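The structure under discussion appears below in the form of structure tokens.
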Amino acid sequence: MSESTVQVIRPSQGWVGFRFGELWRYRELLFFLAWRNVLIRYKQTVLGFAWAVLQPLLLMVVMTLFFGSFARRAGVPGPIFYYAGLVPWTFFANAVSQASNSLVGNANLLSKVYFPRLTAPIAAVLAALVDFAAAFAVLVVMMLAYGIAPRPAAVAVVPGLLLLALATALGLGLWLSALNVSYRDVQYVVPFLIQIGLFASLFASNIHREPWRTLLGLNPLAGVVEGFRWALVGSGNGFSRMAGISVAVSALLLLSGAVYFRRVERTFADVV
């Protein structure tokens, strides 16, 4: 009769590295959780994946009606001016909202099965890419309808900006998901922060006075939104200064979020 092997998993002590190799070994679980998040989000909904497009479209209509003057100053039709900014913003907002609740939503898994805890918020952010793809396809159709051609640099700029938005969402998601385990107030704060961030990101390009423009540039999504508009619909004269600040803030947010998450994750199973 063969002896069974028992593996005991204990909380880590002291400094814990990021263990990217462990994440790679659990890559199938990561993609499974991401796809499950997509299915759960639209389960038992009448319109299904159409909500991924309707959300930015409805916001576009409201902003065009009430803030159309900002688009006219930029020399771009209002609907496409706002929709080009709402596409990356909606991705960011959905990613942060889902990531902040990723650990609490998987409480049963956390307390019963071991897996790298980082996979939960990462999967939530990756799931939001499905919505982004659908919304971006509509943006391409709108550009064709308005006869607007993207700048040649868009081939390199847009993927880079999407990566910046993803890194920012993941960094903020790591902070919020870890905090939400101990402080459930986070679930009430996140929608409020997203509402403020919407206006701070979409209208940052219309602020030219200093130091307000630089301060708004500290919001990484302001650089992403302005970059999308510049590359795809030809709005503005450039975004390098604001994007540079956004990259620095995003990197700091991602690094600090990862460090804090790894430091407190040993208590997740006990607290959640």
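So, restricting to helices (runs of 4 or more DSSP H) that lie completely within the range 97-215, which ones have at least 3 residues that are open to solvent by less than 30 Å² (accessible area, probe 1.4 Å)? Per the criteria, 119-146, 154-182, 186-202. For beta carbons closer than 7 Å, sequence separation of 6+ or different chains, a first residue in the range 215-233 that is among the β-branched types (Val, Ile, Thr) and a second that is not in a helix (DSSP H, G or I), the qualifying pairs are Val233/Val76; Val233/Ile148.
Is there a residue in the range 110-118 that is more than 19 Å from Leu59 (Cα to Cα) and within 13 Å of the chain's Cα centre (by Cα)? No; the residues of the range 110-118 include none that is more than 19 Å from Leu59 (Cα to Cα) and within 13 Å of the chain's Cα centre (by Cα). Going through (1) among the hydroxyl-bearing types (Ser, Thr, Tyr); (2) under 27 Å from Met63 (Cα atoms); (3) under 16 Å from the mean Cα position of the chain (by Cα); (4) modelled with pLDDT of 85 or more one by one, Ser201 falls short only on (4).
The values are calculated or read from the model by the stated rules, or taken from the named source; none is laboratory data. Predicted model only: the values in this text are computed from it and were never measured. Neighbour counts run over all protein chains shown; Cβ positions are idealised from the backbone, glycine included. Remember, those area values only see protein heavy atoms, side chains included, never the ligands or the DNA or RNA. Shrake-Rupley method; radii C 1.70, N 1.55, O 1.52, S 1.80 Å.
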